[in-house]
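The values are calculated or read from the model by the stated rules, or taken from the named source; none is laboratory data. Quick caveat: nothing in here was measured; it's all calculated off a predicted structure. FYI the Cβ positions are ideal-geometry reconstructions off the backbone, even for glycines, and counts take in every protein chain you see. With ligands, DNA and RNA removed, areas are computed over all heavy atoms of the protein, side chains included. Shrake-Rupley method; radii C 1.70, N 1.55, O 1.52, S 1.80 Å.
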Amino acid sequence: MIKFDFVTYNKIEDYKKNGVKLKGVKEFFEKHKDMMGWYDIDNLCNDDKIFKIKEKALYIKENCDLFLVVGIGGSYMGSQALIDALNPYYKNETQKPQVMFVGNSLSNDYINYVLNLMDEKEVIINVISKSGNTLEILTTYDILLSKMKEKYKEDELKQRVIITTEVSINNTLYKEAKEKEFDVIDTFKNIGGRFSVFTESGLLPVCVSGINIENIINGAKEAMQDINNQARYALIRDIMIDNGKQIEAYTSYEPKLYYFLEWLKQLYAESLGKNNKGILPISIINTRDLHSMGQYIQEGPKIIFETLFVIKNNRNNIYIERYRKNLSEINDIAYKAVSKAHYDDNIFSNLFELDELNESNMGYLMQFFMVSVAMSGLLEDNEEVFTQNGVEKYKSILNSMLKE
Ligand code: PA5
């Protein structure tokens, strides 16, 4: 269960004035329906699809001790966010199979580390690229495939490489996968990378890591019953823009949410940072960042508002004699103290209070923000909420420079 609090900004007349724009939401969604396949969560995650994902995950679990997921941007961030939030700390490093994300950098050191790890383990790789032409992914795929060819004979290799990409004759990665007879998972034409967390592409690594994906989906379905709050959150962001705010600090007091905040940053930056407009999303993990970014937020230019994620219940609470309180009470008091200090200086906060960090709450939050960012598209007159031409620009310059 999640409780919301948007009350630090309470000028009702602003809600009324800006809220009028939301009347067009149905038409806006209808206009963009060819990129909103993720919106119909009942159809996207029906029993058949969940069953297929679980079956494939079981095969992977039984046949490897290292599952390498090669993806960048929307092709991995949602899965990483769920795995980090829902597994115990460091579990992934010791469990079988270990799920590891590669392809999100071109670091020679990192890939060498992964190659060394592959020596000692049985490996399955899952290459995820909707377009099939992202440089980081193709480079990592080439390196890993050579290693896999050293380790496995041709027939076995076919059982150990999964390619998730758009099935299309113009897609090089798809064509190569077909030629080599690798298992291919089709991405959805009507779902972009950053909206793909509840597709097979996003859920397979999560399921392999042992997380209950049905509970995640149930949470996402619940979010669809709560469209009003998604609209309220989109509205407050719009009002913040009118108040001269330029930065939204997504903040949590739980380090396990680090990657969830990264996912949020990607969702908002890539969807709304366009045409010289858009709020800059940043992420803050407290209490760590109170000792760095905290200073800027408190006393720097008043262009920031914050959105907080707080978890109420923690198990095995440790009692701290010195303060005569248990640790989660102290964490709670810390966030309340910071919020008060911010409120005193006119820094507005939205609060998402989770009763606990569990699958359904994470599913709920992710669907919540995907719907709300689409609403922000309408409020910010952004017709390109589902594309990312800025990213395409660097990709195309990079590809031509590589040919020089
Ligand atoms: O959200 C998006 O669409 C992007 O972040 C993509 O996921 C990212 O650029 C990777 O693209 P692709 O999956 O085509 O390799």
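Against the numbered list (1) open to solvent by 50 Å² or more (accessible area, probe 1.4 Å); (2) within 16 Å of the ligand (Cβ to nearest atom); (3) without any contact (Cβ under 8 Å) to a residue 60 or more places away in the chain, Asn190 comes up short only at (3).
Do we have Leu117 as more than 13 Å from the ligand (Cβ to nearest atom), more than 16 Å from the chain's Cα centre (by Cα), open to solvent by 50 Å² or more (accessible area, probe 1.4 Å) and not basic (Lys, Arg) here? Give the steps one after another, and end with the answer.
Details: more than 13 Å from the ligand (Cβ to nearest atom): yes; more than 16 Å from the chain's Cα centre (by Cα): yes; open to solvent by 50 Å² or more (accessible area, probe 1.4 Å): no; not basic (Lys, Arg): yes.
Considered against the rule, which asks whether it is more than 13 Å from the ligand (Cβ to nearest atom), more than 16 Å from the chain's Cα centre (by Cα), open to solvent by 50 Å² or more (accessible area, probe 1.4 Å) and not basic (Lys, Arg), Leu117 comes out as no.
Please state which one of Ile12, Ile83 is on the phi < 0 side of the Ramachandran plot and at pLDDT 90 or above.
Values: Ile12 fails: at pLDDT 90 or above.
Step by step, each of Ile12, Ile83 is checked, and only Ile83 is on the phi < 0 side of the Ramachandran plot and at pLDDT 90 or above.
Remark: pairs (first residue in segment 267-288, over 23 Å from Tyr76 (Cα atoms) and open to solvent by 30 Å² or more (accessible area, probe 1.4 Å); second residue of a type in the set (S, T, N, Q) and not in a helix (DSSP H, G or I); Cβ separation under 8 Å; 6+ apart in sequence or on different chains) = Asn275/Asn382; Lys277/Asn382; Gly278/Asn382. For segment 64-73, the criterion of a residue being more than 16 Å from the ligand (Cβ to nearest atom) and either under 26 Å from Leu357 (Cβ atoms) or open to solvent by 50 Å² or more (accessible area, probe 1.4 Å) (or both) is satisfied by at least one position.
Evaluation of Lys221 against the conditions (1) crowded, with 18+ Cβ neighbours inside 10 Å; (2) charged (D, E, K, R); (3) within 19 Å of Asp355 (Cα to Cα) shows that the sole unmet condition is (1).
Picking from residues in segment 157-187 that are among the aliphatic types (A, V, I, L, M) and in contact with a strand residue (DSSP E or B) (Cβ under 9 Å, 6 or more places away or on another chain), the one that is farthest from the ligand (Cβ to nearest atom) is Val161.
Could you pull out the residue among Tyr39, Tyr15 that is in the same structural domain as Gly202 (by TED's automatic domain parsing) and within 30 Å of Asp242 (Cα to Cα)?
Values: Tyr15 fails: in the same structural domain as Gly202 (by TED's automatic domain parsing).
One residue alone meets the criteria, Tyr39.
Scanning for something among the basic types (Lys, Arg), in contact with a strand residue (DSSP E or B) (Cβ under 8 Å, 6 or more places away or on another chain) and open to solvent by 10 Å² or more (accessible area, probe 1.4 Å), does segment 45-54 turn up at least one residue?
So the first thing to find is which residues in segment 45-54 are among the basic types (Lys, Arg), and the list is 49, 52, 54.
Adding the requirement that they be in contact with a strand residue (DSSP E or B) (Cβ under 8 Å, 6 or more places away or on another chain) leaves none.
Taking every residue of segment 45-54 in turn, none turns out to be among the basic types (Lys, Arg), in contact with a strand residue (DSSP E or B) (Cβ under 8 Å, 6 or more places away or on another chain) and open to solvent by 10 Å² or more (accessible area, probe 1.4 Å).
Among the criteria (1) within 16 Å of the ligand (Cβ to nearest atom); (2) more than 24 Å from Asn243 (Cα to Cα); (3) touching a residue at least 12 places away in the same chain (Cβ under 8 Å), the one Glu359 does not fulfil is (1).
Of the listed requirements (1) in a helix (DSSP H, G or I); (2) within 30 Å of Glu55 (Cα to Cα), Gln225 misses just one: (1).
Filtering segment 289-306 to residues that are open to solvent by 70 Å² or more (accessible area, probe 1.4 Å) and either within 20 Å of Ile330 (Cβ to Cβ) or of a type in the set (Ser, Thr, Tyr) (or both) leaves His291, Tyr296. In segment 130-142, the residues that are on the phi > 0 side of the Ramachandran plot reach residues that are more than 7 Å from the ligand (Cβ to nearest atom) and of a type outside the set (D, E, K, R) with C-beta atoms within less than 6 angstrom, at least six apart or across chains, in these pairs: Gly132/Thr165; Gly132/Asn171; Gly132/Thr172; Gly132/Leu173; Gly132/Tyr174.
When the test is whether a residue is open to solvent by 10 Å² or more (accessible area, probe 1.4 Å), in the same structural domain as Ser196 (by TED's automatic domain parsing) and closer than 23 Å to Ser209 by Cβ, Met77 passes it. Among the residues making up segment 370-392, those that are more than 11 Å from the ligand (Cβ to nearest atom) and either in a loop (DSSP other than H, G, I, E, B) or at pLDDT below 85 (or both) are Glu380, Asp381, Asn382, Glu383, Glu384, Val385. Restricting attention to segment 170-213, the residues that are of a type in the set (D, E, K, R) and part of a loop (DSSP other than H, G, I, E, B) add up to 3. Only residues that are near the ligand (Cβ under 9 Å from one of its atoms), in contact with a strand residue (DSSP E or B) (Cβ under 6 Å, 6 or more places away or on another chain) and of a type in the set (S, T, N, Q) were counted across segment 121-139, and they come to 1.
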